[in-house]
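Following: one structure in structure tokens, then a few remarks.
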Amino acid sequence: MASERDEAAEQEAAMPGGRAAHDGEMEPLKAGEPLRFRVVSRDARSRARAGLLLTPHGLVRTPVFMPVGTHATVKAVGPDDLEAIGASVVLSNTYHLLLRPGPELVARFGGLHGFMRWPGPILTDSGGFQVFSLGKLREVTDAKVTFRSHLDGAEVVMTPESVMHTEALLGADIILPLDECLPYPCAPEAGKAATERTHRWAERALAARERPGEQALFGIPQGSMDAALRAESARFTGSLPFDGFSIGGLSVGEPKPLMWTMLEATIPELPDGKPRHLLGVGSPDDLLEGIERGVDMFDCVLPTRTARTGGLYTASGRLNIRSAPFREERGPVDPTCDCYTCRTFSAGYLHHLIRAEDDESRGELLYYRLASIHNLRFLIRLVEGARAAIIAGTFPEYKAAFLAGFTPPDREAEERKRQRPRG
Ligand SMILES: [Zn+2]
């Protein structure tokens, strides 16, 4: 353990491009202080707020959208691309890295920072969500979760303590404790039992953290789809000495209005001075809805996954670059976008790349990089704009103006359904 960490420190010190611990807006972190958060501006007409979040690997301006790098890579883009699109923090998945390549190996490469060569802040989730959705679950008790790997069927055991150990080896700036995430819908008794178990696991995770002076630990309030239970979970989790909070168990298939009601039951019960992260939410309209309700941090695989299937965001909604009208389009995907893809290439070229399919590939590989860069930049720019609007006192107008122009994909689908003749 100790030697792995020493190696990690050496690897990281040798890494070029490491970011300064502060950039003048905040004093550097003190020894043993893993994170500092300050609200710098509040919207007078909603819960939206702008903040500064300082981690050992750099400063994050909130609200922030965090690209997801499941296997220690944001699919199809490199760290230089991430810097260029203005990403300030990335998320990686403990569950996937635990199974492959294993946290001990990652530690020998300098932890996640040295392994994936991303010099900025990293957040690792706990794996709870993936265990309960991907792993072939065998047994959950208070003591442990036993499941079968989705890769090879091998039996894997996770405990609140083992997850803290895995995340200490991975070495992210912000780590999350094991939680029990239930699907939607679930029986009320099951939701209550899972929430109470998550609370017990939260206390065990706090007692088991291995690098408290270097890694911030966020608590995970749950509460299923019960507003009273949500509030109770937020109060309980909020009373524990966590450095911030990652709101869990939402965006698991429930209707949007229900998700917002549950978020509204959660946020007011959390300590105001600590950062709030909403796990797994990241469509353009949802980001603004979440910011309005007081969320500081978002992560989602949606922008890169959507990009790979041909769905590209524009100010008016999501377009399908595979469709015939783009064949001859000489302008960029989105004329208002400042990303490398839109500054350099035509929509017609992207259309060609994704349709260049043969036996060996589903579209040219360059397409995946260019499309991912565009969608990530679109969301990061949207959230940067929201932050500027909060500071300028114009967030409600900013949100209204964006939503007036943007048709969310689910609304598009509903409209198509309505227009389709029945019978
Ligand atoms: Zn673009």
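When each of the peptides 244-257, 117-130 is scored by how many other beta carbons lie within 10 Å of its residues on average, the order from highest to lowest is 117-130, 244-257. Which shape class, rounded, prolate or oblate, goes with the range 307-411 when its Cα gyration tensor gives a ≥ b ≥ c as root eigenvalues, a/c under 1.5 marks rounded, and past that a/b bigger than b/c marks prolate? Prolate shape, in that a/c is at least 1.5 and a/b is the bigger ratio. Taking amide H as placed 1.01 Å from N in the peptide plane, residue 40 has its amide H under 5 Å from the amide H of 50, 51, 52, each at least 5 places away in sequence or on another chain.
Once backbone amide H atoms are built at 1.01 Å from N, residue 127 has 94, 95 as its partners under 5 Å, excluding neighbours fewer than 5 places away on the same chain. In the range 216-237, whose amide N lies under 17 Å from the spot 7 Å out along Cα-to-Cβ of residue 203? List them in ranges. In the range 216-237, the label zone of residue 203 (backbone N under 17 Å from the point 7 Å along Cα→Cβ) covers 219-222, 232-237. Of the DSSP H helices in the chain, those that are both long (alpha-carbon extent of 20 Å or more along the helix axis) and hydrophobic (Kyte-Doolittle mean at least -0.5) are 365-392. Taking 7 Å steps out from each Cα toward its Cβ at residue 184 and residue 151 produces label points 3.1 nm apart.
Think of the range 307-411 as having a plus end and a minus end, set by charges on the Cβ of Lys, Arg, Asp and Glu; of 331, 406, 320, 406 sits farthest toward the positive end of this dipole. Each residue of the range 296-312 is assigned a 3J(HN,Hα), and the resulting list reads 9, 9, 10, 9, 6, 7, 3, x, 7, 5, 4, 4, 5, 9, x, x, 10 Hz, derived from the Karplus form 6.51 cos²θ - 1.76 cosθ + 1.60 (θ = phi - 60°), x at Gly and Pro.
Annotation: extensible slack from residue 240 through residue 226 equals 2.9 nm (criterion: 0.36 nm per residue apart, minus Cα-Cα distance).
If only the Cβ of Lys and Arg carry +1 and only the Cβ of Asp and Glu carry -1, the dipole of the range 311-359 around its Cα centre is close to 160 debye.
Computed over the chain, the per-residue total of -39500 (n - 2.57) for DSSP H runs of n ≥ 4 gives a 222 nm mean residue ellipticity of -12500 deg cm²/dmol, rounded to 500. Multiplying the residue separation of residue 346 and residue 211 by 0.36 nm and subtracting their alpha-carbon distance yields 43.8 nm.
Rounded to the nearest Hz, the phi-derived 3J(HN,Hα) couplings of the range 209-224 under the Karplus curve 6.51 cos²θ - 1.76 cosθ + 1.60 (θ = phi - 60°) are 5, 9, 10, x, x, 10, 10, 7, 10, 9, x, 10, x, 10, x, 6, where x marks glycine and proline. If the segment from residue 105 to residue 141 were pulled out straight at 0.36 nm per residue, it would be longer than the present Cα-Cα gap by 10.1 nm.
Across the range 318-337, the residues whose backbone nitrogen lies under 14 Å from the label position 7 Å along the beta-carbon direction of residue 407 are 318-320.
For the chain, place one equal point scatterer on every Cα, skip the solvent, and apply the Debye formula. What is log10 of I(q)/I(0) at q = 0.07, 0.12 Å⁻¹? Treating every Cα as an identical point scatterer, log10 I(q)/I(0) equals -0.33, -1.02.
Just so you know, all these numbers are worked out from the coordinates, no wet-lab data involved. What you see is a predicted model; the values in this text were computed from it and never measured. Counting neighbours? That spans all protein chains shown, and the Cβs are built from the backbone with ideal geometry, glycine included.
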